[in-house]
Amino acid sequence: MSDLSLKGIAKHFGDVVALEHVDLELARGEFTTILGPSGSGKTTMLRIVAGFEHQDAGQVLVRGKDVTQLAPAKRNMGMVFQNYALFPHMTVAENVAFPLRMRRTGRAEIRERVGWSLDTVALGGYEERYPSQLSGGQQQRVALARAIVFDPELLLLDEPFGALDRKLREQMQLEVKRLQRRLNLTTLFVTHDQEEALILSDSIAVMNAGRIEQLGTPRAVYAEPASRFVADFIGESNLFQGRVRAITNGLLVIETEAGHTLHARARDGLVEGHSVSALVRPERPQPTDGGLSGINDFEGEIIEAVYMGESEKYRVALDGGLEFLVRWPGQGEARTRSEGGRLAFSISPDDLHVIAVDGSKK
Amino acid sequence: MVNRRRRSGFRILLAIYCGFVFFFLVAPLFVVFPISFSAARYLTFPPPGFSWQWYLSYINDPAWIQATITSIKVALGTTVLATLLGTMVAFSLVRGSYPGRSWVDRLVAAPIIVPNIIIAVALYGVFARFQLVGAWYGVMLGHTVYAIPFVVLVVGAGLRTFDQNQELAAMGLGASRLEAVWHVTLPQIRPAIISAAFLAFITSFDELIIALFTSGTNATLPKKMFENIIFEIDPTIAAVSVLQILLVGIVVTLAARFGVGMNPIR
């Protein structure tokens, strides 16, 4: 049985469709991320799960029990808000004790649970401080402690890392992940930050315009996106429009609109004449010595080179006008590739992901 | 250089202007205080000598003491009622969505806008029918009507700056709506509520016209002062004014201490 299942959730605000028949299942201890741009419906979805918003159609089930009609207070979910929503007039201990007080827990047990919870997030000793006396990271730990102290059936995280600076954010992400693993918390996480989603998730639901475009592991949504939108939204990509011209030796021969020929591993359901998008992630191409003898060999002029420390990014104008983005590990001074230089590379057919374009009649 | 000189000239003008404003605000006190200790038998300035006689005349006159007690009762009652009702109205205006809400929003300030005397006459008409004229709680009801808009404005402003996510968070963590408001919202807008209560108290304690019409023989302090001026101008009224100013001063100090001092985040 799933810890959380959403069945056919739909919601509209006036004429605007926020969610359009969304299904989602979370197994015990699973960390699932709802990833999407703003306006994709991800926040609405979280608010419906938490009970702050009511869906027009569909059901929310927690451990098989329909909670659709339950008030937020009765749903037993721990939520961490975007800005933590700590109560500024209460101490850290009072904040963490709040859910227990609302559940009429006994005094002794409250003390014990609050102690455990604060120890869990490494904030023992901060009981008597007020939220305003804490750093951003500490505030977030308090919010986390408050969300887990009552042993919730589900942990909901609403873009909780947005307010932190980069270094702290990465540290907190890993801490949250470790905590979630240790306590085996079934977690629903909402973010627009694809990097964050890839780092944290067991599975990612990519949302667009009120629908889940793809549900899969981080590897799957990155390497084998199901649609152009997913390919474009997650990571950097080289996307080419084209058409399957032939299938030979288990390879699709794709002719791009710019006139290049690409070879990709054949996939079920694709036949000659289909309109497709071909995706190559920038780190996939392998450098070559030049020469265009093999399949998927390309050469062009570097029109932009960006050094980023651990990697270098090149924008390459292929002969024929097509632009290609390549990202390789950063090199020392001696091996600088600079703008105006030539770059030759080759792409393995396995590194080329082909996406069927809907209504391929064009 | 020129710029700096011009700016310092402006600052001097500003200081002079502010000095004048301040002077006009406090000037009456410089007259009232000395007169209250006057040795003369009538209102004269500067007073010819020092004496406690007008304070004694206040304390020894049961009519003054009775008026003071009535005023305090009325003001305290008004404070409780107006704060309670006004806070509820403010909640409904800021949070609610119901038909006619925008009209309530516009009409809520009506008691401030409509001339006091109209309200007073209207109240007199209603109170006469229910035999409320002359009862202290009748005056209290009248003052409550007049004080509610102040409470709504102040508490409403406090509520608007309050982060509603706090309430959602509380409900998500297991609080009912009422518990969320009680444990999370009210403590955070407490300074606004205390300011509003204080305003309600002062509004009632100082109010003359409604009291004039509805208090009958059971006069409030302002009404007693008014009658005193009409019938027997003597410096007792100065002594009463000084005492009234001191009382209000104490209330202000307490409100400031209680409203802000206990809150570590502000």
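The values are calculated or read from the model by the stated rules, or taken from the named source; none is laboratory data. Everything numeric in this text was worked out from a predicted model, so none of it was measured. Note that we place each Cβ from the backbone using ideal geometry, even for glycine, and neighbour counts take in every protein chain shown. Heads up: the accessible areas ignore ligands, DNA and RNA and are worked out on the full protein's heavy atoms, side chains in. Shrake-Rupley method; radii C 1.70, N 1.55, O 1.52, S 1.80 Å.
Determine whether A:Ala18 is buried (at least 22 other Cβ atoms within 10 Å of the Cβ) and more than 25 Å from A:Glu195 (Cβ to Cβ). Steps first, please.
Values: buried (at least 22 other Cβ atoms within 10 Å of the Cβ): yes; more than 25 Å from A:Glu195 (Cβ to Cβ): yes.
Here the answer is yes, as A:Ala18 does meet what is asked.
Do we have B:Val155 as open to solvent by less than 30 Å² (accessible area, probe 1.4 Å), within 22 Å of A:Met90 (Cβ to Cβ) and either more than 14 Å from chain A (Cβ to nearest Cβ) or of a type in the set (Phe, Trp, Tyr) (or both) here?
Considered against the rule, which asks whether it is open to solvent by less than 30 Å² (accessible area, probe 1.4 Å), within 22 Å of A:Met90 (Cβ to Cβ) and either more than 14 Å from chain A (Cβ to nearest Cβ) or of a type in the set (Phe, Trp, Tyr) (or both), B:Val155 comes out as yes.
Which helices (runs of 4 or more DSSP H) sit wholly inside segment B:91-134 and have at least 2 residues that are of a type in the set (Ser, Thr, Tyr)?
none
Yes/no matrix, rows are residues, columns are (1) more than 20 Å from A:Thr187 (Cα to Cα); (2) within 12 Å of chain B (Cβ to nearest Cβ); (3) crowded, with 16+ Cβ neighbours inside 10 Å:
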site: A:Val49; (1), (2), (3): no, yes, yes
site: A:Glu53; (1), (2), (3): no, yes, yes
site: A:Leu100; (1), (2), (3): yes, yes, yes
site: A:Gly106; (1), (2), (3): yes, no, no
site: A:Glu109; (1), (2), (3): yes, no, no
site: A:Gly115; (1), (2), (3): yes, no, no
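Would you check which residues across segment B:170-192 are free of Cβ contacts under 8 Å to residues at least 12 places away in the same chain and within 7 Å of chain A (Cβ to nearest Cβ) and list them?
Within segment B:170-192, B:Met171, B:Gly172, B:Leu173, B:Gly174, B:Ala175, B:Ser176, B:Glu179, B:Pro187 meet the criteria.
Report whether or not A:Thr33 is outside any loop (DSSP other than H, G, I, E, B), within 14 Å of chain B (Cβ to nearest Cβ) and hydroxyl-bearing (Ser, Thr, Tyr).
No, not satisfied.
Spot the failing condition for A:Tyr314; the list is (1) modelled with pLDDT under 90; (2) surrounded by 12 or more Cβ atoms within 10 Å (Cβ to Cβ), and only one is missed.
Failing condition for A:Tyr314: (1).
Which of the residues that make up segment A:150-180 are in contact (Cβ under 8 Å) with a residue 60 or more places away in the chain and away from chain B (no Cβ under 14 Å)?
Selection gives A:Lys177, A:Gln180.
Given the options B:Ala180, B:Ala197, B:Ala211, name the one that is farther than 30 Å from B:Tyr124 by Cα and either at pLDDT 90 or above or surrounded by fewer than 23 Cβ atoms within 10 Å (Cβ to Cβ) (or both).
B:Ala180
What pairs come up if the first residue lies in segment A:126-148 and is within 11 Å of chain B (Cβ to nearest Cβ), the second is buried (at least 17 other Cβ atoms within 10 Å of the Cβ) and among the aromatic types (Phe, Trp, Tyr), and their beta carbons are under 8 Å apart, counting only those six or more places apart or on different chains?
Within 8 Å, the pairs are A:Pro131/A:Tyr84; A:Pro131/A:Phe87; A:Ala143/A:Phe81; A:Ala143/A:Tyr84; A:Arg146/A:Phe98.
Taking the condition of being under 25 Å from A:Thr261 (Cα atoms) and part of a strand (DSSP E or B), how many residues in segment A:183-242 meet it?
Matching residues across segment A:183-242 total 5.
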